Amino acid sequence: MVDAAARPSQAVLDIDLGAIVANWRSLKTRLAPGAECAGVVKADAYGLGADRVAPALAAAGCRRFFVAHLGEALEIRPLLPAGAEVYVLGGVLPGEEPEFRAGGVLPVLNDPGQVERWAGYGRRLGVALGGALHVDTGMSRLGLMPAEARSLAASPGALEGTRLGFVMSHLARSEEAVAMNAEQLAAFESLRALWPKLGASFANSSGIFLGPAYHLNLARPGAALYGINPLPGTPNPQRPVATLSAPVLQLRDIAPPQTVGYGASYAATAPTRVATIAIGYADGWLRSLSGRGQAWFQGRTLPFIGRVSMDLVTLDATAVPDLKAGDRVELMGVHRPVDDVADEAGTNGYEILTRLGSRFARRHHGA
Ligand SMILES: *Cc1c(COP(=O)(O)O)cnc(C)c1O
């Protein structure tokens with residue numbers, strides 16, 4: 001897909017595909033010898049365009065991709081080389097088996113019923129179907145419970161009709177230094193040993209930084225590919241990827257007791273220059289940034305004042321007298337790290353990226 005041109009009045013999201021690839025490569029070099037690095041591109045590659053991100057990663061040598069939904073898998077499959085594998089984390093629901101097969105995409109099997117149906121489908125077709133087996137080691141979200149995994153492993157021929165690539169599990173607190181990580185790893189080691197011939201996949205982005213014991217055969221980073229800090233509270237080892245800028249639509253000077261925006265939540269206490277920019281919560285720039293967010297312009301910071309509204313944000317531009325209509329301020333990027341925006345909004349970088357709207361222009365660079 002070719003990016004549409006941005007109008008002067010539109011906010012723009014610039015996406016550095018070269019930085020995504022560099023982030024993937026740098027994660028890959030951290031892995032223990034022999035461990036492979038996948039790419040998690042669910043939710044439209046965390047809002048940055050799976051149709052552009054997945055092929056760029058494939059060109060760099062990434063061979064396994066993860067998405068959440070079957071529809072996401074079917075969209076990217078035709079854009080990838082024949083040898084690439086696309087796994088659907090949500091699993092395969094009854095009746096979806098033929099669509100997986102026809103689309104050439106693979107289910108992560110999350111419960112005994114999914115295993116039985118997928119294997120039965122393979123046996124009826126007389127083929128061995130690919131896929132992965134997910135075991136739950138503490139998330140209580142998706143995956144076979146340990147007892148279910150043990151009983152599956154104890155039933156002879158249960159996996160006939162499949163040729164599964166690996167067993168996987170997912171960490172609950174990988175970005176924290178807590179005992180639960182080692183406990184989950186131990187639980188996973190004992191469950192994966194039920195299928196000694198299958199590979200094993202465990203670490204997400206932050207899990208890679210927990211050390212080589214967590215790498216096993218296949219790491220599954222998402223967030224760190226897109227510039228989110230896998231090590232919160234310490235310097236970000238990843239490169240920034242996404243830059244969001246919005247144009248100034250209008251400037252005005254106000255004086256006390258004038259107020260700004262809905263609810264009159266901000267009242268001027270001194271002469272104040274207000275800049276109104278073309279972005280709002282309809283673009284995913286969260287309302288919780290009201291009175292807390294910041295924009296950056298040529299080395300200076302402009303605080304959000306008043307409420308974030310649907311299409312507009314108002315900034316205190318008093319300290320930036322040279323700012324004029326048409327200038328672009330940076331909301332996220334090198335000077336406004338996604339993790340800082342997330343802190344201001346009271347959420348995480350994942351939500352900031354995946355909420356990015358569809359109304360502003362997206363421009364991809366440097367594949
Ligand atoms: C989203 C997801 C990942 C990627 O996690 P990040 O923290 O973004 O690296 C890996 N595995 C599973 C099962 C996931 O749902």
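The values are calculated or read from the model by the stated rules, or taken from the named source; none is laboratory data. As the structure is a computational prediction, the values presented were derived from the model and not from experiment. Every residue, glycine among them, receives a Cβ derived from its backbone with ideal geometry; neighbour counts consider all protein chains shown. Keep in mind that these areas ignore ligands, DNA and RNA; they rest on the heavy atoms of the full protein, side chains included. Shrake-Rupley method; radii C 1.70, N 1.55, O 1.52, S 1.80 Å.
Positive end of the charge dipole of region 214-321 (Lys, Arg +1 and Asp, Glu -1 on Cβ, about the Cα centre): tell me which of Pro237, Ala268, Pro256 has its Cα farthest that way.
Comparing the listed Cα positions along the dipole, Pro237 ranks first.
Can you give the helix-only mean residue ellipticity at 222 nm for the chain, where every DSSP H stretch with n ≥ 4 adds -39500 (n - 2.57) and the sum goes over all residues, rounded to the nearest 500 deg cm²/dmol? Display every interim value, and only then the final one.
Details: 11 runs with 99 residues, N = 367.
Per the formula, -7500 deg cm²/dmol.
Largest first and in whole Å, what are the equivalent-ellipsoid semi-axes of region 45-184 based on the Cα gyration tensor, each being the root of 5 times an eigenvalue? Intermediate values should be presented prior to the final figure.
Working: eigenvalues 119, 106, 28 Å².
With the √(5λ) rule applied to region 45-184, the semi-axes are 24, 23, 12 Å.
Calculate the all-directions average of the projected area of region 193-244's alpha-carbon convex hull, and give it in nm².
Working: hull surface 18.1 nm².
Hull-based average projected area comes out at 4.5 nm².
From largest accessible area down, sort Tyr262, Tyr121, Tyr226; use a 1.4 Å probe on the protein chains.
Values: Tyr262 155, Tyr121 35, Tyr226 5 Å².
Sorted by accessible area, descending: Tyr262, Tyr121, Tyr226.
I'd like the accessible area for Ser26, computed on protein heavy atoms only with a 1.4 Å probe and all protein chains in place. Round to 10 Å², please.
In the full protein context, Ser26 sits at about 40 Å².
Can you work out the Karplus-derived ³J(HN,Hα) for every residue in region 316-333? Use 6.51 cos²θ - 1.76 cosθ + 1.60 with θ = phi - 60°, whole Hz, and x for glycine or proline.
Values, residue by residue: 7, 9, 4, 7, 10, x, 7, 5, 9, 4, x, 5, 9, 9, 8, 9, 8, x Hz.
May I ask for the angle, rounded to the nearest 10°, between helix 112-125 and the longest principal axis of the chain, with both axes built from Cα atoms and the value confined to 0 to 90°?
Long axis of 112-125 versus the principal axis of the chain: about 60 degrees.
Between Arg25 and Asn348, what is the spin-label point distance in nm, taking each point 7 Å from the Cα along the Cα→C-beta axis?
2.8 nm
Tell me the accessible surface of Val241 in square angstrom (1.4 angstrom probe, heavy atoms of protein chains only), to the nearest ten.
Result for Val241: roughly 10 Å² accessible.
FRET efficiency for Leu231 and Leu79, Cβ-Cβ distance as r, R0 = 30 Å, nearest 0.05?
On the way: r = 31 Å, r/R0 = 1.05.
Taking R0 as 30 Å, the efficiency between Leu231 and Leu79 is 0.45.
Measure off, as a whole percent, the carbon and sulfur share of the 1.4 Å-probe accessible area of the chain, all protein chains present. Numbers along the way, then the final one.
Numbers: 8610 of 15790 Å².
Roughly 55 percent of what the probe reaches on the chain is carbon or sulfur.
With θ set to phi - 60° and the Karplus curve 6.51 cos²θ - 1.76 cosθ + 1.60, what are the ³J(HN,Hα) couplings of region 145-157 in order, to the nearest whole Hz, using x for Gly and Pro?
The phi angles translate into 5, x, 5, 5, 4, 5, 6, 4, 5, 8, 9, x, x Hz.
Give, in nm to one decimal, the length gained when the segment between Ser140 and Arg124 is fully stretched (0.36 nm per residue of separation minus the Cα-Cα distance). Let's see the in-between values first.
Details: separation 16, 0.36 × 16 = 5.76 nm, distance 3.20 nm.
Working it through step by step, the gained length comes to 2.6 nm.
Rounded to the nearest 10 Å², what accessible area does Thr243 show when all protein chains are kept and the probe is 1.4 Å?
50 Å²
For a quick check: with amide H placed at 1.01 Å from N, whose amide H comes under 5 Å from Met168's, ignoring anything fewer than 5 positions away on the same chain?
Correct list: Leu133, His134, Val135, Ser201.
Sequence-distant or interchain residues sharing an amide H contact under 5 Å with Gln294, placed H: which?
The answer is Phe304.
Given H placed 1.01 Å from N in the peptide plane, which residues other than close sequence neighbours of Glu85 have an amide H under 5 Å from its amide H?
Excluding prolines and chain starts, which carry no amide H, the hits are Arg64, Phe65.
Per q in 0.06, 0.08, 0.10, 0.12 1/Å, what log10 I(q)/I(0) does a Debye calculation on the alpha-carbon atoms of the chain return?
-0.28, -0.47, -0.69, -0.90
Would you mind getting the accessible area per residue of the chain, heavy atoms of the protein chains only, 1.4 Å probe, in Å²? Before the final figure, lay out the partial values.
On the way: 15790 Å² over 367 residues.
Ligands and nucleic acids excluded, the figure is 43 Å² per residue.
For region 145-234, report the translational diffusion coefficient in µm²/s to the nearest whole number, using Stokes-Einstein at 20 °C, 1.002 mPa s, and a Kirkwood Rh over Cα pairs. Working shown, then result.
Values: Rh = 14.2 Å.
The Stokes-Einstein estimate is 151 µm²/s.
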